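*Asks:* Got a structure for you, written out below as C-alpha cells; questions coming shortly.
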Protein chains: 2
Amino acid sequence: MSRPTLDDIAEHAGVSRALVSMTLRGLPGAGDETRRTILGVAERLGYVPNAAARNLASRSSKAIGVLLGELHNPFFADVVDGLTAPFEEAGFHVLMGTGLHRPRAERSMLETFRGYGMEGVVLIGPELDEHSIQRFAMHVPTVVIGRTLRTDLVDVIVNDDRRGASIAVQHLFDLGHRDIAHLDGGTGPGAVLRRRGYVDAMRRLGLEEHIRVAGGDFTAARAAAGVDELLADRAPTAVFAANDVVAVGALERFAGLGLSVPDDVSVIGYDNTSLAMQLRIGLTSIDQPRVLMGRLGAALLRERFEGRTLAAKHVLAPTLVRRSSTAAAPSSRSHKNRKPNVRN
Amino acid sequence: MSRPTLDDIAEHAGVSRALVSMTLRGLPGAGDETRRTILGVAERLGYVPNAAARNLASRSSKAIGVLLGELHNPFFADVVDGLTAPFEEAGFHVLMGTGLHRPRAERSMLETFRGYGMEGVVLIGPELDEHSIQRFAMHVPTVVIGRTLRTDLVDVIVNDDRRGASIAVQHLFDLGHRDIAHLDGGTGPGAVLRRRGYVDAMRRLGLEEHIRVAGGDFTAARAAAGVDELLADRAPTAVFAANDVVAVGALERFAGLGLSVPDDVSVIGYDNTSLAMQLRIGLTSIDQPRVLMGRLGAALLRERFEGRTLAAKHVLAPTLVRRSSTAAAPSSRSHKNRKPNVRN
DNA sequence: GTCCCGAACTGAAGCGCTTCAGTAGCGCTT
DNA sequence: AAGCGCTACTGAAGCGCTTCAGTTCGGGAC
C-alpha cells in the first residue's frame, strides 16, 4: 500500500473527498460524528497530505525559503533561530538551502525556491550579484539580511557598522586610550564601513594623528601580520579589530610577543560571536542583534504578504559587550611603568 | 502577468504542450528548428517549471531533505558540506530543515519532508526518539548520521567513539601519563561509548586504579565543576574530555586555578571542532571525518535508490590531531618538582 | 504506385488536491 | 402547507505538469 490519498479516506469513511479535505484542514462543514470518523480513518491510514497536490490546487504553499551563504559562521545560526520561530508559529514551513559560496549555486537555489512556489524568501549574507537578486525579487517577496543593497525591491536588514566602530573607539577612549589602531577587514562584508567609522570617531575625538590601519582581511593570520606591522612602528595601547576572528588573531600574536592583554594592550572585536565568549580571555566585542535581525526578517516578510509594496531598510544598533580584553590604558593607571619585554 | 506555464509557451511557439514539456526536459522528439523556437520562447518568458505540478504528475521530486539537529554546532556544517555536493551533481535538490532541539519540531519537519515527497532524507544528529525515526524510515529511505540506532531500517553513519577514546588514552599514555582522568559527557550522543572506551583502554594499559570519571554533560560549566571534583581528590596529570566544549571548560578552570596546560596537566578533547584550533592554546583532539561522513551519507542514499534494501551501518575511524594542550607527563620530564600552587 | 517506417508531433487522461456551486433534508415561522 | 434558512454534504472543474497511445507525413524500398 502506497501513500493513502483523500479518496482512500473518503471511501473508508463513506463520504465525499471534498468533505474529507475540508475536515482535515479544520474547516466547518462536517457534523461531529462524521468529523470523528474522518479523523479516525485518516489517523489509522497514516495519512500525510501530498504537498505538491495541495500547493498546486490551492495556488499557495505556506512555505518560505531561506538561503544561507555559509553554514560555518555562527552568525547564520543565530539569525535562523530568530527567523524560524515566528514562521513556524504562523504555520509556515521553513526550508533552507545553501549556496556554498558559489553564486551559481545560489542562483540555482533561488530557482528551486521559485519552482516550489515559496511565498517568501530570506537571503542571509548572499554572495550573489545585486542584479540577480533584484530579478528574483520581482517575482517573490524577498528580504536580505546582513548585506547592504542599493536595490529598492528587497527589504534589507543590516547593523550600523559605522556606529559600531564608533562605539568601540569611544569605549577605548573612555578607558583612557589615545593610541588606538585598527586591524582592518579589507573587502569583507561591513569592513569598509567599520574602517570608516573608526576613522571618523578618531577625528571626532581629536585623535587624528593616532589613526593607523593595518591588516587587510577577515583572517587570523592576516591579523597577526597586521599586529607586526603596527609594532614595527610603535605599540598602540589599544586595537579595534574588524571582527572577532581578527581580534583573536591579534590576541594570539600579542601573547606570542609577550604582551599582556589587557594590561599592555586592550583589544576589542566585532560581531560578538561565540568565539568571543569561549576564549579563555573573554573578548570585548560589538554585538549585532542577530536573533532580532532574524525576527525582524520574519516580520518584514509578513508585512509584504499583507500588502506592503515599498521596500524597507532597517539599520539596527550595535551594542558594546564588555569582557576582559579591554582595560584602562597603562598611562592612566597608577604608574607601574611596566615596559613590555618584547621577545619577538 | 503571472508565472508563465507550459501552455503559454506552447501557444507562443505554435506547438502542443506535450512537445514543450519534452523539449524543456531535454528529451528528443522535436526537430531542430522547433526546439530552438521553444527554448527561445521559454527563455523570453522567463519560464520556471512549477515544481508542485511536476512532482505531482511525475510522481517523483528529485529532492532530498536534510534535518539538522542544530545549526550552532560546527559539526553539522562540515557534514552538510560533504552531503550536498554529490547530490547537486546528481541533479537533486537539497532542502534543509531544523528541529531546534525539540523532538516535536523534528517530527513535524519529517512530516513536511514526506509531504513534499522527498525521495530520501538524511538526519544529522537527530534528537527524535528511535520509534518515530523508524516509523518514518518505513516510508522514505533514511540515513542517520552521528547517532547510533538499533533500528535496522535506516542506514547509520557514526564514528567509533570507543576507539577514539582509546586513541586519546593511548596518546596520553605514550607521553608518560598514568594518572589519566575522564571528564564525562553524560547522556550526550557518543558520551557513553567514549566513557566505555576510556575505561577499557585504562584497563588494557594496566591503569585500572587510576580510573576516575567526573563531570556529567556536554557543557563547559559542568566540566569546570568536574575539574574541581577531580582536584578535591588529587590532581591528575592528564584529562581526556568527552568533547571539545568540555575540554575548553576544563582548560579555563585549570587556568583559573593557576595550573598550566600542558606543563602541569595535559588535556585532550573530542570532535576536533573549530574550537580546538581557534583557542589560543591549540587543543589536541580526536577528529571525526565529518565531511567524509556527509559524502558517505549521500552515497548510501543513492544505493537505496538503486535498490539496496538492507540497512548498512558504517563506523568510521577517528584520528588523533596533536596540538599544544598535551605534552610529556611532569614526572617523566627532568624533575622540576613544580608543585602547582592551587589558589582555590 | 504501394507499403512501410521512423521522425515529428498531438490529444487526452490523470497525478492528489482545493474550491465552489449545488442539493437534500430538517426544523421553523407565518 | 408553503416557504425559509440552516447545516451537512456532494460533484465536478481545474491547478500545471507528465505520459502514452495515437496521428501525420515525407521518403526510401521494392
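Each reported figure results from applying straightforward, stated rules to the coordinates on display, with no laboratory input. None of the values given here were measured: they were computed from a predicted structure. Here the Cβ is made from the backbone with ideal geometry for all residues, glycine too, and neighbour counts use every protein chain on show.
*Asks:* Provide an ascending nm list, one decimal, of label-point separations from A:Leu205 to the equivalent residue in each further copy; define each label point as 7 Å from Cα along Cα→Cβ.
*Replies:* 5.1
*Asks:* Say a label goes 7 Å from Cα toward Cβ at A:Ala221 in every copy; what distances in nm does this one have to the rest, shortest first?
*Replies:* Nearest to farthest, the other copies are at 3.8 nm.
*Asks:* For a label point 7 angstrom out from the Cα of B:Arg234 toward its Cβ, which stretches of region B:177-212 have the backbone nitrogen within less than 12 Å?
*Replies:* Residues B:178-180, B:209-211 fall inside that zone.
*Asks:* Separate question: Using a simple spin-label model with points 7 Å from Cα along the Cα→Cβ vector, what separation in nm is obtained for B:Ala221 and A:Met277?
*Replies:* It is 1.0 nm.
*Asks:* Give the order of B:Arg36, A:Arg107, A:Arg234 when sorted by the count of other beta carbons within 10 angstrom, beginning with the fewest.
*Replies:* Listed from fewest to most nearby Cβ atoms, that is A:Arg234, B:Arg36, A:Arg107.
*Asks:* In peptide B:81-88, how many Cβ atoms from other protein chains are near each Cβ within 10 Å, on average?
*Replies:* Per residue, the number of nearby Cβ atoms from other chains is 2 on average.
*Asks:* Work the Kirkwood hydrodynamic radius out for the protein assembly as shown: mean of 1/r over every pair of different alpha-carbon atoms, inverted, in Å.
*Replies:* 28.2 Å
*Asks:* Stick to Cα atoms and the Kirkwood definition of Rh, then tell me Rg/Rh for region A:93-236.
*Replies:* Taking Rh as the inverse mean 1/r over Cα pairs, Rg/Rh reads 1.12.
*Asks:* Each label point is 7 Å from the Cα along the Cα-to-Cβ direction; what then is the distance between the points at A:Arg104 and A:Glu303, in nm?
*Replies:* 3.8 nm
*Asks:* Between the helical axis of B:161-174 and the dominant principal axis of chain B, each derived from Cα atoms, what acute angle in degrees is found, rounded to the nearest 10?
*Replies:* The angle comes out near 40 degrees.
*Asks:* Using the Cα centre as the reference, give the magnitude of the dipole from point charges on the C-beta atoms of region A:1-144 (Lys, Arg: +1; Asp, Glu: -1; all else neutral), rounded to the nearest 20 debye.
*Replies:* It works out to roughly 500 debye.
*Asks:* Pairing the Cα long axis of helix B:220-233 with the longest principal axis of chain B, what angle in degrees results, from 0 to 90 and rounded to the nearest 10?
*Replies:* Helix B:220-233 and the main axis of chain B meet at about 20 degrees.
*Asks:* How far apart are the A:Gly29 label points across copies, placing each 7 Å from Cα toward Cβ, in nm, shortest first?
*Replies:* List, nearest first: 3.5 nm.
*Asks:* If you line up the Cα atoms of chain A on their principal axes, what length do they span on each, largest first, in Å?
*Replies:* On the principal axes, chain A reaches 92, 38, 30 Å in Cα extent.
*Asks:* How big is the gap, in Å, between the Cα center of region A:1-61 and the Cα center of region B:34-67?
*Replies:* Answer, in whole Å: 28.
*Asks:* Quick check: the angle from helix A:32-45's long axis to the longest principal axis of chain A, C-alpha only, nearest 10 degrees?
*Replies:* Orientation of helix A:32-45: about 70 degrees from the principal axis.
*Asks:* Right, another one. How would you rank A:Glu127, A:Glu43, going from fewest to most other Cβ atoms within 10 Å of each one's own Cβ?
*Replies:* Sorted ascending by nearby Cβ count, the order is A:Glu43, A:Glu127.
*Asks:* Still on this structure: What list do you get for B:Leu19, B:Leu153 if you sort them by fewest beta carbons within 10 Å?
*Replies:* So the residues, fewest neighbours to most, are B:Leu153, B:Leu19.
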